[in-house]
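What follows is one structure encoded as C-alpha cells, with my remarks underneath.
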C-alpha cells in the first residue's frame with residue numbers, strides 16, 4: 001500500500017528498474033486503502049494531511065523523482081485506455097523501503113501492468129472530473145474542449161509582435177508570451193462574465 005516514507009507502508013510487488021517512465025521495465029498499477037481492507041492513517045491521508053480521494057495515486061520514488069505532490073499524470077492501461085491521476089503520496093513496500101516502478105490507486109483496483117506514464121505539467125487532456133494541481137510549471141490555461149459547461153467558443157486575439165534586439169532573446173519571448181497570456185485571460189474573463197449573465 002502507499003504511504004509516505006516516514007512511517008508509510010507499501011505492499012506492492014515493486015518491479016525492478018529505476019529511471020523515468022518508459023525506461024527500466026514495466027510499471028505495476030496496484031491499489032491501496034479501503035478497497036484493500038487498509039484503514040490506517042497512512043493509507044487514508046497523504047503527506048500533507050489531506051484525506052485521499054478516488055483519482056489519487058501513490059507513486060514510487062523512482063517514477064516521482066523531480067515532481068511535486070499534486071501534479072497530474074496519465075498512463076495507459078492494458079486495454080489501451082488512457083487514465084489520469086493525481087500524485088498524492090509515495091509508494092512504499094514497507095516502512096522505509098520504497099517500491100520501484102509502481103503506482104497505486106487509492107481505494108481503487110489492481111490494473112496489472114500499465115505503460116506510457118506521462119507527467120502533465122506541460123499539458124495534456126483530462127477526460128473526467130478530478131481535483132488537479134495546476135500551475136506547476138507556471139501559468140496554465142484550463143479550457144473546456146466541448147460545449148458542456150459553456151465550452152470555449154470562438155475567441156479572437158489580435159497579436160502581432162515585432163521583436164528587435166540582441167542579448168536575452170529568451171527573456172523577450174517570455175515577455176511577449178506573458179502579453180499574449182494577459183490577452184487570453186482578459187478574453188476568458190469577458191466570456192465568463194457574459195456566460196454568468198445568461
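Here are the numbers for this structure:
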| item | result |
| --- | --- |
| Residue check for residue 7: at pLDDT below 50 and loosely packed, with under 13 Cβ neighbours inside 10 Å | yes |
| Any hit, segment 89-108, residues being loosely packed, with under 14 Cβ neighbours inside 10 Å, touching a strand residue (DSSP E or B) at 6+ places or on another chain (Cβ under 9 Å) and at pLDDT 90 or above | no |
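Table: residues versus (1) at pLDDT below 90; (2) under 11 Å from residue 89 (Cβ atoms); (3) surrounded by 15 or more Cβ atoms within 10 Å (Cβ to Cβ).
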| residue | (1), (2), (3) |
| --- | --- |
| 22 | yes, no, no |
| 26 | yes, no, no |
| 30 | no, no, yes |
| 34 | no, no, no |
| 41 | yes, no, no |
| 57 | no, yes, yes |
| 65 | no, no, no |
| 74 | yes, no, yes |
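The values are calculated or read from the model by the stated rules, or taken from the named source; none is laboratory data. Here the structure is a predicted model, which is why all the values come from computation and not from measurement. Heads up, the Cβs are rebuilt from the backbone with ideal geometry, glycines too, and the neighbour counts pull from every protein chain shown.
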